[in-house]
Amino acid sequence: MIRAAIIGLGWWGKTIVDAVQGKSDQISFVAANTRTRAKAEDFCKERKIALRNELDEILKDPKIDAVVYTTPHSQHEEHIKRAALAGKHVCVEKPFTLTVASAKSALAAVKKAGVVLGIDYQRRFHPSMGEIRARVRDGRVGTVCFGVAEATAPGGLFVPKESWRVNPAETPVGAMTGIGVHLVDGFIDLFGDIIEVYCINTRRAARLVDDTTSVVLRHKNGVTSSFNCSIAAAANYRVAVYGSRGLAETERNLDGFRFTPVPEKPGQPPLTQAEAIDHKGVNPVKAVMEAFAAAANGASAFPISADQIVHGVAVFEAIVKSAATGDPVKIA
């Protein structure tokens with residue numbers, strides 16, 4: 001059992017804790033630190049988590065194996081380095097960092113310390129995404145024509161003015177930082193490196209943040225992908241891959257998977273029926289935390305590599321630049 005500490009107990013930090021606390025035999029939270037202690041005292045007491053006043057108290061505690069950060073993005077590099085220096089395995093909320101230089105610096109510290117690094121791209125761990133991945137990689141979709149996705153959530157409508165999430169320096173291209181990075185990670189996983197991006201970013205309904213973003217991606221292997229994301233709409237998450245032999249897609253909010261085969265000849269029905277797999281009730285947050293715990297225990301490597309993490313940040317930087325200039329941006 002990995003004994004972990006959670007740093008940052010806003011809504012997402014609490015979501016991570018509740019995904020595993022008392023529900024996992026691989027990881028449990030034993031300590032916490034957050035900026036506003038009063039808002040977390042009852043939560044921690046109910047879940048038997050020791051609320052510490054200082055991060056250093058946690059990093060110096062030999063009974064704590066790992067640290068999970070849900071802190072402002074600009075702090076990730078420093079926080080990762082501090083955990084690595086203390087010999088703690090570390091998992092960080094997305095985006096990993098806001099710049100490639102910062103990402104490389106943090107990863108160098110992790111490598112030097114020899115600790116395990118995880119990142120909370122939990123949707124990659126959902127079985128509906130796993131079904132798409134399997135069919136792309138084994139050829140069942142045929143030649144990939146394109147991928148398309150959408151991710152929406154209403155959080156931007158309700159974010160308070162005192163939140164760090166309204167600061168454009170912390171959340172550039174608002175919807176992209178909040179949820180669009182999951183789609184970038186998903187398409188890197190499915191189709192490989194991205195070499196060019198084009199982004200349109202707007203503010204449609206939220207008062208304090210940019211809330212709606214559309215992005216087109218060109219991959220090194222010739223595949224194109226695109227996505228729309230918004231933090232001012234009803235919650236949804238869907239990914240679809242269109243190929244010469246079939247359509248592999250998730251249902252709304254990843255609740256299921258569906259594969260529709262292409263017919264062998266025009267005007268004829270497919271030789272096989274459409275395939276549907278129900279995945280209702282799956283908690284991908286629990287899945288990513290347990291994958292991190294397995295890596296920390298040496299049972300298996302964390303499935304998102306350092307190279308993919310850096311590339312994801314490079315794509316994120318390019319999307320931010322494209323949104324600002326209105327032009328496509330190539331990625332070195």
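All of the numbers you see were taken from the coordinates with simple rules; none came from a lab. Keep in mind the model is a prediction, meaning the values are calculated, not measured. Every residue, glycine as well, gets a Cβ built from its backbone with ideal geometry; the counts of neighbours run over all protein chains shown.
Points to keep in mind about this one:
- Label separation (TRP11 vs GLU275): 3.7 nm, computed from points 7 Å beyond Cα along the C-beta direction.
- Kirkwood Rh (inverse of mean 1/r, distinct Cα pairs), the range 110-182, angstrom: 15.8 Å
- Annotation: amide H of PHE146 within the under-5 Å range of TYR242, sequence separation 5 or more or interchain, hydrogens built in the peptide plane.
- Pairs exceeding a 19 Å alpha-carbon distance, out of LYS94/LYS161; LYS60/LYS94; LYS14/LYS45; LYS112/LYS286; LYS39/LYS63: LYS94/LYS161; LYS60/LYS94; LYS112/LYS286; LYS39/LYS63.
- Where labels lie 7 Å past Cα in the beta-carbon direction, separation of VAL216 and LEU157 in nm: 3.0 nm
- Distance between the C-alpha centres of the range 267-332 and the range 1-74: 25 Å, rounded to the whole angstrom.
- Put a plus charge on the Cβ of each Lys and Arg, a minus charge on the Cβ of each Asp and Glu, and nothing anywhere else: the dipole of the chain about its Cα centre is then about 180 debye.
- Taking the C-alpha atoms of the range 98-225, convex hull volume expressed per residue in Å³: 145 Å³
- Computed log₁₀ I(q)/I(0) - Debye formula, equal Cα scatterers, no solvent, the range 1-143, q 0.12, 0.17 Å⁻¹: -0.53, -0.94
- Rounded to 0.05, the FRET efficiency of the ARG252 and ASP25 pair, given R0 = 30 Å and the Cβ-Cβ distance, is 0.45.
- With Cα atoms, 0 to 90° folded angle of helix 284-296 axis to the chain main axis: 60 degrees
- Share of alpha-carbon pairs per 10 Å distance bin for the range 142-292, given as whole %: 11, 32, 33, 18, 5, 1
- Shape category assigned to the chain from the gyration tensor of Cα positions, a/c cut at 1.5: prolate
- Amide H contacts of THR34 (H built 1.01 Å from N, under 5 Å, at least 5 apart or other chain): GLY8
- Here the peptides 156-166, 245-255 are ranked by packing, the mean other Cβ count within 10 Å, and the order with the highest first is 245-255, 156-166.
- Cut-off under 5 Å, modelled amide H: who pairs with GLY118 long-range: VAL90, CYS91, VAL92
- From the C-alpha gyration tensor of the range 283-330, square roots of 5λ in Å: 33, 12, 6
- For the chain, the longest principal axis of the Cα atoms and the long axis of helix 181-191 meet at an angle of about 50 degrees.
- For the range 55-109, the Kirkwood hydrodynamic radius comes to 11.2 Å, computed from all pairs of different C-alpha atoms.
- The modelled label-to-label distance for the pair LYS60/ASP327, using points 7 Å beyond Cα in the direction of Cβ, is 5.2 nm.
- Paramagnetic reach from VAL262 (point 7 Å along Cα→Cβ, amide N under 11 Å) across the range 127-141: 141
- When only alpha carbons of the range 232-298 are considered, Rg and Dmax amount to 16.8, 54 Å.
- 4 °C / 1.567 mPa s Stokes-Einstein diffusion coefficient of the range 204-332, Kirkwood radius on C-alpha pairs, µm²/s: 70 µm²/s
- Vicinal HN-Hα couplings computed from phi for the range 2-7 (Karplus, 6.51 cos²θ - 1.76 cosθ + 1.60; Hz; Gly/Pro x): 7, 9, 10, 10, 9, 10
- Folded to 0 to 90 degrees: helix 11-20 orientation relative to the chain principal axis, Cα: 90 degrees
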